[in-house]
Amino acid sequence: MNKHIGILTAGGDSPGLNAAIRGIGKTALSSGKIQIVGFRDGFRGLMENRTMRLDWEVLASILTQGGTILGTSRDKPHKMPVGSEVMDMTEVICDNYRRHNLDALICIGGGGTQKNAYRLAQKGLNILTLPKTIDNDVGMTDCTFGFNTAMEIATEAIDRLHSTAHSHHRIIVVEIMGHNAGWLALGAGLAGGADVILIPEIPYDPLKVAQAIRERQHRGTNFSIVAVAEGALAVDEHAKITTMKENKSKAKAEGDTKISKKLSEEIKAFSATLTKNTLRLTNQLEELTGLESRLTILGHLQRGGTPSAADRVLATRLGCACVEYFEKGVGGCMVAVKGDSTVPVPLEEVVGKRYTVPLDHDWIRAARNVNTCLGD
Ligand code: F6P
């Protein structure tokens, strides 16, 4: 009897998505018992019943391609913009799952996608997920695909910034993606020998950063590379947002929806002011050290282009394993990386568990040992 699997990619794109689609597709088609269908643009495509045929011909040429042939979006089933409204489209999605006679839906995505997939699993759909994100911050898996490629790109950028910073005796602040987790800034910073690395997990003191740069000046080195994660916060900013979030949780727990809504808006407004904090830091460092300073924002360059060999292998392994688990009757799980192997982890254990950099992690110790300033 033929089985049917649907595939969608959701959230920010990540190198390796096509390798994962190919891994799933080829394993399924080779079994001779499983048909596959792709849904375009994440959960929106499933809601709108926009599909893509995934046959041998389509799968044959995608391994090395960046992005996702299916397209992606950040739309959530339960909060979907439809016309001028935001609606709960979960039931429509469930109907389309049944219309296609699906025996499973594979959702490939980061932390947000795991949450949305879990909501669908709670509605009775058979869901499997794969962890992808350049941020490497999905819980319950050793790593996610996309991260390695992004780290390579950011490392190459730091290498290139070194020679120009050195020639001009400048500070170059390089902003690296990662709102909530500092894996990318820390990994690329370590690999590229950044002099300062600032990550969301360690609130930084600009005076200490300036002092580290001045110490380099005293040793006769008049340039510095500062690798900053998008979400890194100065000590005072961190304290302010933490208090606001604590007050909001308290108001929510006490059922005070008016105050909790007001605080949500305040948090949103304050967070918006933080988007320019790398520019602010760059200017501060110029003032504090007297060295000319420049800011480079790597942005979406870090997500684009062909995946690294490591990400192609990882995404292929996860895609193939996912179909094997499906054939064994496993459902409601994320296929996670554990050492050299994979394990299915129930979705309820995955949601809400963001994997941030532990403060005693080897990479942090190594950075401190090679005299990198972490801003604390
Ligand atoms: O979630 C991955 C990520 O690349 C983050 O590092 C980054 O902050 C965000 O996506 C950017 O999102 P968008 O592509 O929507 O601008």
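The values are calculated or read from the model by the stated rules, or taken from the named source; none is laboratory data. Given the structure is predicted, the values throughout are model-derived calculations rather than measurements. Heads up, the Cβs are rebuilt from the backbone with ideal geometry, glycines too, and the neighbour counts pull from every protein chain shown.
A few points about this structure:
- Qualifying residues in region 84-93 (those that are surrounded by fewer than 17 Cβ atoms within 10 Å (Cβ to Cβ) and of a type outside the set (A, V, I, L, M)) - the one farthest from LEU130 (Cα to Cα): SER84
- Residue list for region 22-37, filter: without any contact (Cβ under 8 Å) to a residue 24 or more places away in the chain and either part of a loop (DSSP other than H, G, I, E, B) or touching a strand residue (DSSP E or B) at 6+ places or on another chain (Cβ under 8 Å) (or both): GLY32
- Any pair with Cβ under 9 angstrom, 6 or more apart, that starts in region 362-374 at a residue that is closer than 12 Å to ALA194 by Cα and ends at one that is loosely packed, with under 12 Cβ neighbours inside 10 Å and β-branched (Val, Ile, Thr): none
- The residue that is farthest from the ligand (Cβ to nearest atom), counting only those in region 166-209 that are part of a helix (DSSP H, G or I) and crowded, with 23+ Cβ neighbours inside 10 Å, is VAL209.
- All positions within region 242-274 that are within 16 Å of the ligand (Cβ to nearest atom) and touching a residue at least 12 places away in the same chain (Cβ under 8 Å): SER271, LEU274
- Test: residue in region 118-131 that is within 16 Å of the ligand (Cβ to nearest atom) and within 15 Å of GLN302 (Cα to Cα): no
- In this structure, PRO81 does not satisfy being crowded, with 20+ Cβ neighbours inside 10 Å and over 26 Å from LEU301 (Cα atoms).
- Of residues in region 134-165 being β-branched (Val, Ile, Thr) and more than 14 Å from the ligand (Cβ to nearest atom), the one nearest to the chain's Cα centre (by Cα): THR141
- Out of LEU59, LEU63, sole residue that is touching a helix residue (DSSP H, G or I) at 6+ places or on another chain (Cβ under 9 Å), within 21 Å of GLU327 (Cα to Cα) and either at pLDDT 95 or above or crowded, with 17+ Cβ neighbours inside 10 Å (or both): LEU59
- For region 40-47, the count of residues that are in the same structural domain as MET89 (by TED's automatic domain parsing) and in contact (Cβ under 8 Å) with a residue 60 or more places away in the chain is nonzero.
- Condition check for THR51: on the phi < 0 side of the Ramachandran plot and within 14 Å of the ligand (Cβ to nearest atom): no
- Helices (runs of 4 or more DSSP H) lying entirely in region 296-376 (those with 1 or more residues that are small (Gly, Ala, Ser) and touching a helix residue (DSSP H, G or I) at 6+ places or on another chain (Cβ under 7 Å)): 309-327, 362-369
- Segments classed as strands (runs of 3 or more DSSP E), wholly inside region 77-146, with at least 3 members that are without any contact (Cβ under 8 Å) to a residue 12 or more places away in the chain and out of contact with any helix residue (DSSP H, G or I) (no Cβ under 6 Å at 6 or more places or on another chain): 85-87
- If you go through region 1-48 and keep only what is away from the ligand (no atom under 16 Å from the Cβ) and among the charged types (D, E, K, R), you end up with LYS3, ARG22, LYS26, LYS33, ARG40, GLU48.
- Residue list for region 134-157, restricted to those being within 19 Å of LEU279 (Cβ to Cβ) and crowded, with 24+ Cβ neighbours inside 10 Å: ALA154
- Options LEU295, LEU301, LEU314, LEU318; residue that is closer than 25 Å to HIS162 by Cβ, surrounded by 15 or more Cβ atoms within 10 Å (Cβ to Cβ) and at pLDDT 95 or above: LEU295
- Qualifying residue in region 335-355 (condition: modelled with pLDDT of 95 or more, under 25 Å from the mean Cα position of the chain (by Cα) and within 30 Å of LYS208 (Cα to Cα)): yes
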